[in-house]
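S.K.: This is the structure I want to talk about, given as C-alpha cells.
The values are calculated or read from the model by the stated rules, or taken from the named source; none is laboratory data. Only a predicted model underlies this, so the values are computations on that prediction, with no experimental measurement involved. A quick note on method: Cβ atoms are made from the backbone with ideal geometry, for glycine too, and the neighbour counts reach across all protein chains shown.
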Amino acid sequence: MQLEDDEEVSRTVAVDKLPCEFHVDGFADEYALHLEIHNSAPASVGALICCAILLIVGALIALLGGLTIVFGPRTVTYNALTGPSLSQFIQLFPGPIFTVGGLMVGVAAFIDNHNGKPPFAPEVYLLLFYELQFAEMPDDPSRISIEYLDDGKFRISLSCT
C-alpha cells in the first residue's frame, strides 16, 4: 500500500505560481526509456521485404493508372461477347486502378511507420503521466502553456491568446 502512495507522490507536480520553471525528478530517465522503447521496436526482415514489395507494386499500379488517365483514349470499344482485354480494361478504369495503387502505397507506408504512432513529445508525456496541481487554477485552463527546456526541466506560463 505504501508503494502505491509513493508512486502517486512521484507522479504529482505542484505548481505554486504562474509563470514558473520547475524540475520533475526522474522525468528525463523515464522519457528516455519511452523513446528507447519506441525506437527499438525491431521490424522483422520479412515485414520489411513485404512493405518494400507492396510499395513498389502499389507505385507501379498507381503510375499505370495515372498515365492512363493523362494519356489514355477518350473512348474504348470492345467486343461485347468476349469482353475487354487487359489493356482495354486498364483504359476503361484508370481512376480505380490509380486509387488501388495509391492505397497500396499508403498501406505500405503505414506498416513501415511503426504502426503510425510517433513518440510522445515531452510536454504531452508530462500531461499524460503526471498530475499537475496548481496552487491557484487560472481562469481559463486552455491558456496554460508548457515548454520542455532540458533534463526534466519545464517552463509553464499563461499564453496571451
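S.K.: Just the residues that are at pLDDT 85 or above, out of contact with any helix residue (DSSP H, G or I) (no Cβ under 6 Å at 6 or more places or on another chain) and under 30 Å from Ser159 (Cα atoms), please, taken from region 27-57.
M.R.: Phe27, Ala28, Asp29, Glu30, Ala32
S.K.: Just to check your reading of the model, which residue among Thr75, Thr68 is surrounded by 14 or more Cβ atoms within 10 Å (Cβ to Cβ) and of a type in the set (S, T, N, Q)?
M.R.: Step by step, each of Thr75, Thr68 is checked, and only Thr68 is surrounded by 14 or more Cβ atoms within 10 Å (Cβ to Cβ) and of a type in the set (S, T, N, Q).
S.K.: What single numbered condition from (1) on the phi < 0 side of the Ramachandran plot; (2) buried (at least 16 other Cβ atoms within 10 Å of the Cβ); (3) not assigned by TED's automatic domain parsing to the domain that holds Ile56 fails to hold for Leu127?
M.R.: Here Leu127 clears every test but (2).
S.K.: Here's another thing I want to ask about it. Name the single residue, out of those in region 89-108 being within 16 Å of Phe71 (Cβ to Cβ) and among the β-branched types (Val, Ile, Thr), that is surrounded by the fewest Cβ atoms within 10 Å (Cβ to Cβ).
M.R.: Within region 89-108, the match that is surrounded by the fewest Cβ atoms within 10 Å (Cβ to Cβ) is Ile90.
S.K.: Residues that are of a type in the set (Lys, Arg), at least 2 per element: which strands (runs of 3 or more DSSP E) completely within region 90-161 meet that?
M.R.: 153-158
S.K.: Sticking with this one: Do we find a residue being on the phi > 0 side of the Ramachandran plot and at pLDDT below 85 anywhere in region 92-115?
M.R.: For region 92-115, residues on the phi > 0 side of the Ramachandran plot and at pLDDT below 85: present.
S.K.: Select from region 118-161 the residues that are β-branched (Val, Ile, Thr) and over 22 Å from the mean Cα position of the chain (by Cα) and write down the one among them that is modelled with the lowest pLDDT.
M.R.: Thr161
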